[in-house]
1. Looking only at the stretch 286-322, filter to residues that are in contact with a helix residue (DSSP H, G or I) (Cβ under 8 Å, 6 or more places away or on another chain) and in a helix (DSSP H, G or I); which one of those is farthest from residue 159 (Cα to Cα)?
2. Using the structure shown, decide if residue 35 is free of Cβ contacts under 8 Å to residues at least 40 places away in the same chain and touching a strand residue (DSSP E or B) at 6+ places or on another chain (Cβ under 8 Å).
3. Give 56, 77 a once-over and let me know the one that is touching a strand residue (DSSP E or B) at 6+ places or on another chain (Cβ under 7 Å) and assigned by TED's automatic domain parsing to the domain that holds residue 148.
4. For the stretch 368-392, enumerate the residues that are without any contact (Cβ under 8 Å) to a residue 60 or more places away in the chain and crowded, with 22+ Cβ neighbours inside 10 Å.
5. With 168, 143, 104 as the choices, which residue is buried (at least 24 other Cβ atoms within 10 Å of the Cβ) and at pLDDT 95 or above?
6. Considering only helices (runs of 4 or more DSSP H) fully contained in the stretch 192-285, which possess at least 3 residues that are touching a helix residue (DSSP H, G or I) at 6+ places or on another chain (Cβ under 6 Å) and outside the structural domain of residue 381 (by TED's automatic domain parsing)?
7. With 9, 55, 47 as the choices, which residue is in a loop (DSSP other than H, G, I, E, B), surrounded by fewer than 21 Cβ atoms within 10 Å (Cβ to Cβ) and modelled with pLDDT of 90 or more?
8. Output the number of the condition that residue 130 fails; it satisfies all remaining conditions of (1) surrounded by fewer than 16 Cβ atoms within 10 Å (Cβ to Cβ); (2) within 23 Å of residue 297 (Cα to Cα).
């Protein structure tokens with residue numbers, strides 16, 4: 001598999017051993033009968049990939065983890081019930097009271113609220129900085145800093161994290177780099193190739209790709225963390241906090257991964273066409289898309305990404321104008337989430353980021369008139385015509 005291109009590796013995985021089924025089975029079982037050797041392993045504490053109870057692991061989940069790991073260029077993967085389960089379980093599986101996180105200011109709203117409130121209830125402190133400013137990140141680091149946390153592409157401003165520079169800075173100080181790759185997916189960027197230790201992703205989005213399954217993944221490739229760290233997270237954190245992925249969702253996500261390269265390539269072509277059209281519209285104040293030469297990190301995008309991806313944002317003057325446009329769309333959906341085959345839009349300031357104080361939203365660069373677009377696989381002409389009629 002290693003000598004195949006990404007698009008081919010997405011399609012192929014080893015068939016199920018006992019039947020050689022091309023489509024991997026759904027193991028809809030909550031528990032498993034103990035054979036003598038399994039019981040002995042459990043007693044000895046050797047529980048890795050032992051079928052005991054599906055909160056601890058499931059054969060459908062294991063196949064998903066195996067497939068994600070090879071696509072992400074990781075040494076290990078752990079699947080979870082959602083993207084937020086991946087984020088919370090990974091951080092709580094590593095950190096303890098007194099530890100410190102340096103996090104990019106512009107992160108997904110639920111992540112930001114988790115950092116602002118819940119994780120601090122555990123005695124873990126967080127400092128927010130602009131992670132594209134290496135000097136600012138360095139200044140924020142203390143002798144208690146254990147994690148540097150960024151997003152490959154910031155939600156929703158489309159700011160790009162300079163992953164290699166951040167990893168070099170962090171690793172020189174023994175700090176673990178976490179990166180949320182949801183806005184990109186492995187089809188766009190594989191952060192492990194740029195030195196990131198732990199990659200998190202809401203598999204609900206591009207990996208699944210059809211808005212029908214919720215899940216998350218954590219992948220590992222690190223010289224700082226032990227090789228079995230994700231197994232420690234599985235047994236010490238996930239099984240105790242309960243963020244287990246259902247076997248059916250594991251199967252849906254595994255199926256979605258097979259078309260990931262095809263979908264994201266088409267979505268990227270459509271996103272670029274829409275972004276170029278939006279830049280020409282007089283009522284549009286600014287377009288945020290890393291595939292445009294006008295994006296301040298366009299050169300970094302070309303170095304770090306295989307393609308600029310399917311996500312973009314643009315700003316109008318007011319929230320009312322933004323909402324009027326989105327309500328006027330006939331093809332695109334005005335809804336939460338992203339990464340599916342349909343074009344989906346939202347006003348981040350009053351939807352995903354509603355609970356973030358206005359002053360913090362302003363610091364992030366999220367204006368009231370900003371529209372976020374997850375571009376789908378429809379005809380680019382039809383997507384543009386839909387926005388054209390809605391913006392009249």
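The values are calculated or read from the model by the stated rules, or taken from the named source; none is laboratory data. Bear in mind the structure is a predicted one, so any value in this text is a computation, not a measurement. So basically every Cβ, Gly included, is an ideal-geometry build from the backbone, and we count neighbours across all protein chains shown.
1. 319
2. Judged against the criteria, residue 35 is not a match.
3. The unique qualifying residue is 77.
4. If the condition is that a residue be without any contact (Cβ under 8 Å) to a residue 60 or more places away in the chain and crowded, with 22+ Cβ neighbours inside 10 Å, then 371 is the only one that fits.
5. After ruling out the rest, the residue left standing is 104.
6. 247-258
7. Answer to the check: 55.
8. (1)
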